[in-house]
Structures are given as structure tokens and as C-alpha cells.
Amino acid sequence: MSASTALRPVLPADILARKGGTPLVVLTAYTTPMARIVDRHCDIALVGDSLGMVLHGLPSTLGVTLDMMILHGRSVVRGCQKAMVVIDMPFGSYEEGPAQAYRNAARLMAETGAPAVKLEGGQHMAETIAFLTARGVPVMAHIGLTPQAVNTLGGYKVVGRDGEAEKVMADARAVEAAGAFSVVLEKVPQGLSGRITKALSIPTIGIGAGVDCDGQVLVVDDMLGLFTDFRPKFVKRFGELGLAADEAISAYAAEVRARSFPAPEHAFADVLPAKEPKT
Ligand code: KIV
């Protein structure tokens, strides 16, 4: 039985047990209605801090706050019955050290009901990941391109080519040894992500990391085609909901202007119809 057809919510141990098995299916979700759909088909609903850009129009994930993650995290937890909800720790909420990370991870879990958090960083985050996992906070790690470090990385580039490959491998081994139950590999070249997947005992979840990972994650709005002007190479569009929404809103605007919407069937009568007299 795959994790997504289990009768109880998926837990970190279930994800760990899927290493090398049927690929793990992960999508982001930020709201209850989308979480309900993701819950029907996915093993994990990730409340990614990408919500800052996707929902709030921020230029990067750096402006996302703990309160935003808690608000959206609660909303997603309400929509999920089976899929495990994982919540991103936002920029500035964990980097100072293990105690700060624990305090904020505990808030995320206690105030949303989610059973796990995700944080970005490899070797330099190993001590924090070990501290959290030893104290009841399951951690999904995130290495390769770590968007919260966009300003030090110098853009949203592929990470792990040439001389960088061994550093990414060392990051992967460090988060595994620290107790992470899985690791996201973002924009890591395919050969390297395959080597990492073989080397680790925890599942790798790829985004722009090729075919060999133990699972895949995408931003749900990207794969649904909700953005008409954003087409990264690693995203396949499984729908064109942006175009569908544009057409629907354009039709609505035209009908309102032409006074063809609302029609009589959308209106309420002033007087209730008289009841049939009793015979
Ligand atoms: O914030 C996010 O949505 C993520 C995924 C893209 C992995 O971290």
C-alpha cells in the first residue's frame, strides 16, 4: 500500500520507509481548498515559503514571516486527512542557532498541528537539525539551490556543477547523519542527484534534480499553469489554469458590461410564490 492510500495520516517514518520504493509525490499547498485536492493524490503537502512569491507577490522568499507560515499552515492542515503536512521554516527563524530553531519549529508544530518542518542548509545546519530531531521535531532538509540564500548564491542557479559537486554530496551526508527524515534536492544536476540518492538511506525529493530521486516536488501553481509568464525548465505544466481563469474572467467582464449577467435565474423574487391552497 502506498503512503497516499493509507487510512491514517502519513508520518515521517512512513516517508523514510519509502526509500527506493514507489516515488514520493509532493506538491506545495497554501490554502484549504488546494490542500483538499493535494491530499487526494499526494504523500506530502508542503507549505513552502514560496507562498511569499506565489500568493503575496513578494520578490523572493526573504520577506516571509513565521506568522504567515502559521496562518497558511493551519489552513493546509485543515484540508489534509492523509497527506503529511510539512511547513517551511522562513528566513530568519532558525539560522541563529539550535535554540532559536527549536522555539520557532515548536510554534509551527503546536500552532498548526503539522508533524514536521523543512529548513534550508547542509553542513552548517547539521547541528540544528540534530538538536531538533533529538527533541521531537522531524526535519525535512533542503540543499542544492536554497532560495533563502539567493543573495549569497548569486541567483537561482543550478548548484553542484564542477567543483561544487562534492560540497553538495557532503551537505547531503551531513543532513542524513543529523537525523533528517528526507532531503529536498533543488536544481542539482541529474548525475549528482542520482549519486546522492544512491549514497543516502533517506529519501531524496527532487525539484529540477532529474529522474533518479526518490520523489518529486513542484510548486502547485507552477504545474497547474497559473502563471502565464513563468516557465522554468524543470516545471512541466499539467494544466493551463492561468489561461482558463483569464478566459473566464474576461467572459464575466463582458457579460456584466453587456448586462447579460446576472440573468433572471440568478435573481431573487420579491414575493414568495403563493402556496397551493389545501383541498
Ligand atoms: O518553498 C517551496 O515551495 C519549496 C519547494 C519548491 C521545495 O521549498
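The values are calculated or read from the model by the stated rules, or taken from the named source; none is laboratory data. As the structure is a prediction and not an experimental result, all values here were calculated from the model. Here the Cβ positions follow ideal geometry from the backbone for every residue, glycine too, while neighbour counts run over all protein chains shown.
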**Request:** Hey, can you tell me all the residues within region 105-122 that are assigned to a helix (DSSP H, G or I) and surrounded by fewer than 21 Cβ atoms within 10 Å (Cβ to Cβ)?
**Result:** A106, R107, M109, A110, E111
**Prompt:** Going by the structure shown, is M125 buried (at least 24 other Cβ atoms within 10 Å of the Cβ), farther than 23 Å from R18 by Cα, aliphatic (A, V, I, L, M) and within 14 Å of the ligand (Cβ to nearest atom)?
**Reply:** no
**Message:** Against the condition crowded, with 21+ Cβ neighbours inside 10 Å and farther than 27 Å from A29 by Cα, how does G160 come out, does it pass?
**Reply:** yes
**Request:** Just name the residue that is nearest to A177 (Cα to Cα) out of those in region 96-127 that are over 20 Å from the mean Cα position of the chain (by Cα) and without any contact (Cβ under 8 Å) to a residue 40 or more places away in the chain.
**Result:** H124
**Every residue from region 205-223 that is among the hydrophobic types (A, V, I, L, M, F, W, C), farther than 16 Å from G48 by Cα and surrounded by 15 or more Cβ atoms within 10 Å (Cβ to Cβ)** = A209, C213
**Request:** Scan the helices (runs of 4 or more DSSP H) fully inside region 18-87 and keep the ones with 1 or more residues being in contact (Cβ under 8 Å) with a residue 12 or more places away in the chain and of a type in the set (K, R).
**Result:** 32-41, 66-79
**Asked** strands (runs of 3 or more DSSP E) wholly in region 174-273 with at least 1 residues that are in contact with a helix residue (DSSP H, G or I) (Cβ under 8 Å, 6 or more places away or on another chain) and more than 16 Å from the ligand (Cβ to nearest atom) - which ones?
**Response** none
**Prompt:** Pairs under 7 Å by beta carbon, first residue among the acidic types (D, E) in region 164-175, partner surrounded by 15 or more Cβ atoms within 10 Å (Cβ to Cβ), six or more apart or different chains?
**Reply:** D171/G122; D171/Q123; D171/I143
**Request:** Kindly check whether there is at least one residue in region 106-117 that is in contact with a Phe, Trp or Tyr (Cβ under 9 Å, 6 or more places away or on another chain) and either modelled with pLDDT of 95 or more or within 24 Å of A35 (Cα to Cα) (or both).
**Result:** yes
